[in-house]
Amino acid sequence: MIESLLGVLTIGFLLGAPAGITPGPMLVLIISETFRHGVRAGAKVAFIPLLTDLPVVLVSGFLFAKLSNVEFLLGVISIAGAVFITYLGSRSIRLAGAEIPDHTPKPLRLRELIIANLTNPNPYLFWFTVGAPLMIRSFQQTLSLGAAFLFSFYLGLIGVKFLLAIVAGKSRTFLQGIWYRRIMQFLGFALIGFALFLLRDGLTFLGLYPQG
């Protein structure tokens, strides 16, 4: 199936689309930024992988066959992600509880979004396990098949995230006052919850968390 253009496009899209809606910190950030600042802010989060994934794709494609153990790297990334996502979650809770009527927190800066995605272990897990072997097999067939795999994967990944931002944008007009504050606080706690899972995964990768 990897030898045909249709097969490559299908595989790439079917891998990318579910990844776009997998529960995690970036999904929560898309919703929270859209609720606060509109579809444009949510779309900025959705398109961040186009900026942050390139080094991951290149490094994984070059080294995946030569690395015998990537657990330490994934452990460090997961723990760093837990710390940063906790910061974003606590900030969301704090700002959502502000009682000043005209208080509008600024959208997350591009630098903050880049850090959030770079410290998210999911792209590393995907590319160092599933993505890199499929990508290399595609490029070994022809250059166009390799490019088609990357295009279809990110079409699914970014497309689904962008659609989610649009849906969230349609809902934000119905969420005013106390409902807005409660939802933003809930999303903040959700981020902290994901941070705890990232911390657990990081400690597991480092061999510091017992596996039952």
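The values are calculated or read from the model by the stated rules, or taken from the named source; none is laboratory data. The structure presented is a predicted model; accordingly, all values stated were derived computationally and were not measured. Every residue, glycine among them, receives a Cβ derived from its backbone with ideal geometry; neighbour counts consider all protein chains shown.
Only residues that are modelled with pLDDT under 85, surrounded by fewer than 17 Cβ atoms within 10 Å (Cβ to Cβ) and more than 21 Å from GLY12 (Cβ to Cβ): list them for segment 96-144, please.
GLY97, ALA98, GLU99, ILE100, PRO101, ASP102, HIS103, THR104, PRO105, LYS106
Within the set of pairs 6 or more residues apart or between chains, which connect a residue that is within 27 Å of SER92 (Cβ to Cβ) inside segment 188-212 to a residue that is among the charged types (D, E, K, R) and at pLDDT 85 or above with Cβ atoms less than 7 Å apart?
What qualifies is TYR209/ARG200.
Just need a number here: residues in segment 4-51 that are hydroxyl-bearing (Ser, Thr, Tyr) and either under 23 Å from LYS170 (Cβ atoms) or crowded, with 18+ Cβ neighbours inside 10 Å (or both).
Number satisfying all stated conditions: 3.
Out of PRO49, PRO25, PRO18, I need the residue that is of a type outside the set (A, V, I, L, M, F, W, C) and modelled with pLDDT of 85 or more. Which one?
PRO49
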